[in-house]
Amino acid sequence: MMRRMTPPRPSPSHRAPLIGLTLDHEPGGPGQFSRYPFHALRENYLSAVSDAGGMPVCLGYDCDAEALMARLDGLIVTGGAFDVDPALYGETPHPLTSPRPARTAAELSLLRAALAQGKPVLGICGGMQLLAVHAGGTLIQHLPEELQHEQPNPRHEPGHAIDIVPGTKLAQIVEAERMSVNSSHHQAVRDPGRAKICAYAPDGTIEAIELDGPGFAIGVQWHPEFSLDPGDRRLYAALVETAR
């Protein structure tokens, strides 16, 4: 008689960490993806997590942030075509500032919960700016047009180089003094608050920040999900490894 073989369970140490990613929100309408409100996120945000060995999980706005982060192993606060509400850092809006209060409220709750629970956090573009504001910092609401941080060439190509601050966590992760990155933002961090600056653009614009301490809480102004530089893949790999 043949015995039924039960496949061995995967070792917990090899379980893919669950990495939550925040989503944009669109009202919907004729000619759009849906006539009704929908969430959206560019595909390479998710594939970058998968390629690094993590399991991406898309996060809506209507949730208990503490309970949700208790089930996740890490958090990525993504970017988008919107701005952090200047009221959060005590300023009135610039005419070109476009806040999305519901998104920012959800992301801020998730960010606070992740940090309180010691879960690794990666803030990308607007996510870096939110990390700075959470740390007590402020933002430049509109960069001078001549700085060209909205690069004219496609986002899957580099826009400029950045210099990594030696001795920072980011420098240890990317194993480089310089990186080539893309650039798609009209705002930037003016004052990082309690966070530490760990990269600059050639014009002095802050390109990355990190929180002190044993954990992983890093914000980058560029979009590493495009994997334009070897350091981008190392950044995702470090996030996933920390989340294990």
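The values are calculated or read from the model by the stated rules, or taken from the named source; none is laboratory data. Just so it is clear, the structure is predicted and the values come from calculations on it, not from any experiment. Ideal geometry is used to build each Cβ from the backbone, glycine not excepted, and the neighbour counts take in all protein chains shown. With ligands, DNA and RNA removed, areas are computed over all heavy atoms of the protein, side chains included. Shrake-Rupley method; radii C 1.70, N 1.55, O 1.52, S 1.80 Å.
Can you tell me the alpha carbon radius of gyration of the chain divided by the globular rule-of-thumb value 2.2 N^0.38 Å?
Working: Rg = 18.6 Å, N = 244, 2.2 N^0.38 = 17.8 Å.
That ratio works out to 1.05.
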The ³J(HN,Hα) series, computed from each phi in the range 169-179 with the Karplus coefficients 6.51, -1.76 and 1.60 at θ = phi - 60°, rounded to the nearest Hz and given as x for glycine or proline, is 4, 4, 4, 5, 6, 7, 6, 7, 8, 9, 9
Could you tell me the relative contact order of the range 123-179? Use alpha-carbon pairs under 8 Å, at least six residues apart, and round to a whole percent. 19 percent
Solvent-accessible area of residue 233, probe 1.4 Å, all protein chains present, reported in Å² to the nearest ten, please. 130 Å²
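State in Å² the accessible area per residue of the range 66-173; use a 1.4 Å probe, count heavy atoms of protein chains only, and round to the nearest integer.
On the way: 4570 Å² over 108 residues.
Accessible area per residue: 42 Å².
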Portion, in percent, of the accessible area of the chain that falls on carbon or sulfur, probe 1.4 Å: 55 percent
Mean Cα-pair separation over length for the chain, i.e. relative contact order, pairs under 8 Å, 6 or more apart, %: 20 percent
Over the range 46-103, calculate the relative contact order: mean separation of alpha carbon pairs under 8 Å at least 6 apart, over the residue count, as a percent. 26 percent
Could you pull out every residue, at least 5 positions away or on a different chain, whose amide H is within less than 5 Å of the one on residue 190? Hs are placed 1.01 Å off N in the peptide plane, and Pro or chain starts have none. 138, 139, 140
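Rounded to the nearest 5, what % of DSSP beta bridges with both residues in the chain are antiparallel? Walk me through the intermediate numbers first.
Values: 20 of 36 bridges.
Antiparallel: roughly 55 percent of the beta bridges in the chain.
Starting from 0.36 nm per residue, how many nanometres of slack lie between residue 191 and residue 71 once their C-alpha separation is accounted for? Mind showing how you got there, number by number?
On the way: separation 120, 0.36 × 120 = 43.20 nm, distance 3.27 nm.
Result: 39.9 nm gained on full extension.
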Round to the nearest 10 and report in Å² the accessible area of residue 91, as given by a 1.4 Å probe over the protein chains' heavy atoms. 60 Å²
Expected sort for 219-229, 39-49 on mean C-beta neighbours within 10 Å, highest first, is 219-229, 39-49
Sorting 156, 25 on solvent-accessible surface, 1.4 Å probe, most exposed first, gives 156, 25
Among the GluC sites (Glu not before Pro) in the range 167-211, which ones are in a DSSP loop with at most 13 other Cβ atoms within 10 Å of the Cβ? Mind listing them? 175, 177
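Direction-averaged shadow area of the convex hull around the Cα atoms of the range 1-145, nm²?
13.5 nm²
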